Amino acid sequence: MNRVCGVQKACRRRARERDVLVLPYSDQVICERDGWVCQLCRGPVDPRLPRTHRDGATIDHIVPISLGGADAPGNVQLAHMGCNASKGARFTADVVGVRSGVRVVAP
């Protein structure tokens, strides 16, 4: 999986603007660490799909940068594009499960 350069630059810029921790990491290392499994729905992620595909691999911030989360290895996880988009700018803990475009939110 190759992260689109503009996406990575945008994450770093937003993190610096909010004065949160920024540590280097590789998308490939995060994907391998997470076993190519979406950390939101626990479904397999196909590394051959483009990032823009609904089931493509994206890097999700567990605590969103907009809510003060770091852009660092300990605050990122692998997620399908569709799951990541459904989660939005919420804490991962607030999203119990995401599957097939249907999101289940904790009460």
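Remarks
- The range 37-107 holds strands (runs of 3 or more DSSP E) entirely within its bounds, and those carrying 3 or more residues that are at pLDDT 90 or above and within 25 Å of Arg13 (Cβ to Cβ) map to 57-61, 76-80.
- Selection count where residues are of a type in the set (A, V, I, L, M), under 21 Å from Val37 (Cβ atoms) and either buried (at least 21 other Cβ atoms within 10 Å of the Cβ) or more than 10 Å from the chain's Cα centre (by Cα) (or both), scope the range 64-87: 4
- For beta carbons closer than 9 Å, sequence separation of 6+ or different chains, a first residue in the range 2-28 that is modelled with pLDDT of 80 or more and a second that is among the polar types (S, T, N, Q) and exposed (fewer than 12 other Cβ atoms within 10 Å of the Cβ), the qualifying pairs are Asp27/Asn2; Gln28/Asn2.
The values are calculated or read from the model by the stated rules, or taken from the named source; none is laboratory data. If you're wondering where the values come from, they're calculated on a predicted model, not measured in any experiment. Counting neighbours? That spans all protein chains shown, and the Cβs are built from the backbone with ideal geometry, glycine included.
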